[in-house]
Amino acid sequence: MSTALTPEQVAAFERDGYIVLRGLFDAEEVDLLRRAMEEDPSVRDHMLVRADGEGGGTRIALWNRAGDSVYGLAARSDRMVDAAEALLGGPVYHFQSKLTAKDAGGGGAWEWHQDYGYWYYNGCLYPRLLSCMIALDRTDRGNGCLQFLKGSHHLGRVEHVQITPEQNGIDPARVAAAEQRLERVYAELDPGDVVIFHCNLFHRSDQNRSDRRRWTLIVCYNRVDNDTITKDDDRYYVPLERVPDGALKAAGLKFADAGNAEHFTSKPYVPKVGAAE
Ligand code: SIN
Ligand code: MN
């Protein structure tokens, strides 16, 4: 399939702060990505639990470089990089990837936040970043899919407060005011669908109280000319080596090499912000 975005898709992203690309990865590719997330020892060894504000926790694994694993190749694939470059308006590099592994029966909630509420503190001067959430399982309202306030990226970066030691969230008074003005939408996805969202878009998700797992892989890109002004973690610019779309199937179930070329993180970076009132 052609994966070049249309001018209408680019305009929708600018207006709403997100677009959904259905079936960007086919069943065979999703199977490879899902199995890599389940079986790759590097992912398993770097699983962290991030407390939510509702007494639960969400399991995540984070890494900062896109390597030669099948999930590194997905992040480097033409279809993903083309989309990110079309939406951000220039060359991009891989900023971070993460597995958000919401298990059945209580997998944790994410409070309302903007990704730029975190990434500002990584030294990104402009909000010229985006995230691509690849559904590995069916994700819908029943199992805690992503929710957005449509168009909220136009508010710019909004103050965040500490919700738990591991999660910051948008100042609740701002969320309440924004909710009165903006529509809440639910990113319901089938495996292989991708939702791409702007780093200032308000988003959250509920705990997964269903009996269906909700795992997603999120790949984030930064525009090259928005390289971090600080170098105190490893999310500064390194060239992204693109690969053709066929590289995933050609690689098969390829895991990360020993030696941590992906720069898996052992602790999420949570900037210090003020306490919630
Ligand atoms: C995120 O905001 O980074 C993850 C949200 C989710 O997995 O529901
Ligand atoms: Mn987020």
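The values are calculated or read from the model by the stated rules, or taken from the named source; none is laboratory data. Values in this document were obtained by computation on a predicted structure and should not be read as measured data. FYI the Cβ positions are ideal-geometry reconstructions off the backbone, even for glycines, and counts take in every protein chain you see. When the accessible area is computed, the model is the full protein with side chains, heavy atoms only, and any ligands, DNA or RNA have been set aside. Shrake-Rupley method; radii C 1.70, N 1.55, O 1.52, S 1.80 Å.
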Looking for whichever is more than 18 Å from the chain's Cα centre (by Cα) and surrounded by 17 or more Cβ atoms within 10 Å (Cβ to Cβ) here; the options are Asp115, Asp171. Which one fits? Asp171
Could you tell me how many of the residues in the range 201-228 are open to solvent by 10 Å² or more (accessible area, probe 1.4 Å) and within 14 Å of Phe95 (Cα to Cα)? 5
Could you check the range 132-145 and list, in sequence order, the residues that are in contact (Cβ under 8 Å) with a residue 60 or more places away in the chain and touching a Lys or Arg at 6+ places or on another chain (Cβ under 9 Å)? Ala135, Leu136, Asp137, Arg138, Thr139, Gly142, Asn143, Gly144, Cys145
For the range 172-184, check the following and say yes or no: at least one residue is of a type in the set (D, E, K, R), within 27 Å of Ala36 (Cβ to Cβ) and modelled with pLDDT of 95 or more. no
How do the strands (runs of 3 or more DSSP E) wholly within the range 75-144 filter down when requiring 2 or more residues that are over 23 Å from Arg213 (Cβ atoms) and more than 13 Å from ligand 2 (Cβ to nearest atom): which remain? 92-102
Return the total of residues in the range 135-165 being open to solvent by 60 Å² or more (accessible area, probe 1.4 Å) and under 16 Å from Ala176 (Cβ atoms). 3
Selection from the range 252-277 of residues among the aliphatic types (A, V, I, L, M) and either closer than 15 Å to Arg44 by Cα or open to solvent by 40 Å² or more (accessible area, probe 1.4 Å) (or both) yields Leu253, Ala256, Ala258, Ala261, Ala275, Ala276
Could you run through the range 184-197 and say how many residues are open to solvent by 10 Å² or more (accessible area, probe 1.4 Å), in contact with a strand residue (DSSP E or B) (Cβ under 6 Å, 6 or more places away or on another chain) and within 13 Å of ligand 1 (Cβ to nearest atom)? 1
